[in-house]
Amino acid sequence: MTMLVHYDSKKELKASVGQPLMYEETSFFGPEYLSTGSFSVARRPHMQGGGREFFARVTMLDDKIVEVS
């Protein structure tokens, strides 16, 4: 499963490059967040309420967002 992020759109997530990621862990099997590395994230309106659904791949370096695709 992917982590849930607290951004209203992928554009807003991309605008947050250089800042810490606002997220919510969803895995029962341990943390998915990596302070340095890549992982998948999603905005799921049916779980988080309202907004638009999107998925993204986020790359982190020392707890800062460096790339969103």
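Computed from phi, the 3J(HN,Hα) profile of region 12-26 under the Karplus parametrisation 6.51, -1.76, 1.60 (θ = phi - 60°) reads 5, 4, 4, 5, 8, 4, x, 10, x, 7, 9, 9, 9, 5, 10 Hz, with x in place of Gly and Pro.
With an 8 Å cut-off on Cα pairs and a minimum separation of 6 or more residues, tell me the relative contact order of region 3-68 in percent.
Details: 124 pairs, mean separation 25.7, N = 66.
The normalised contact order for region 3-68 reaches 39 percent.
Exposure proxy shown here: for 46, 6, the number of other Cβ atoms within 10 Å sets the order, fewest to most, as 46, 6. Among 26, 2, 36, the order by Cβ neighbours within 10 angstrom, fewest to most, reads 36, 26, 2.
Scanning the chain for chymotrypsin sites (Phe, Trp or Tyr not before Pro) that sit in a DSSP loop and have at most 12 other Cβ atoms within 10 Å, the longest stretch containing none of them is 30-69. Spacing of the modelled spin labels on residue 14 and residue 62, each 7 Å from Cα toward Cβ, amounts to 2.6 nm.
Bear in mind that the values in this text are calculations on the coordinates, not laboratory data. All figures in this text were calculated on a predicted structure; none of them were measured in a lab. In this analysis, Cβ positions are derived from the backbone assuming ideal geometry, glycine residues included, and neighbour counts consider all displayed protein chains.
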